[in-house]
Amino acid sequence: MRFVQEDAGGPNGTRSRSRGVAVDHEAAEHVIHFLCVENPAGFEQWVQPNHPDVASDAIRDMLTTRSVGKLQALGRRYVEYSNGQLARTIQSKGVGTEARDGIVYVSRKSLGLPVTPRRGDFGGSDLMPLRDAIRAGHIEVNG
């Protein structure tokens, strides 16, 4: 998803990059990052072979009408895809996982932890966000 546009406006027909498009590239990366896509390079690698026409439409909309709706939709689809991949990887290690609403949850029981206690109207839960499990040291990330 390279957002570089070239034109033949230079001397002797040499090509030059359009500065406005470089600014739009930064804007696109901000939109993608806002959607919790922490790896723009991984997003590009996923979108080019899987959704090239949708990506072209998203770029065109962003450049011509300043609309980021299609780019946001692609970002959400990528987050859903990458969360599913992450959940499957963790499940392959024997830990129960669930990807829901853009968050990967792990089973507290699978980690040998007790279920969170019931508090008032809120029932206890067997699930905890993966991010919290990593911060607490219950899951170690290598690499």
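The values are calculated or read from the model by the stated rules, or taken from the named source; none is laboratory data. What you see is a predicted model; the values in this text were computed from it and never measured. Cβ atoms come from the backbone with ideal geometry, glycine included; neighbour counts cover every protein chain shown.
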Open item on the list: Given (1) in the same structural domain as A136 (by TED's automatic domain parsing); (2) at pLDDT below 90, identify the lone condition not met by E98.
Closed with: (2)
Task: Criterion: surrounded by 14 or more Cβ atoms within 10 Å (Cβ to Cβ), closer than 30 Å to I134 by Cα and modelled with pLDDT under 70 - qualifying residue of A28, A87 - done: A28
- [ ] Among the numbered conditions (1) hydrophobic (A, V, I, L, M, F, W, C); (2) surrounded by 17 or more Cβ atoms within 10 Å (Cβ to Cβ); (3) over 23 Å from the mean Cα position of the chain (by Cα), tell me where A99 comes up short.
- [x] (3)
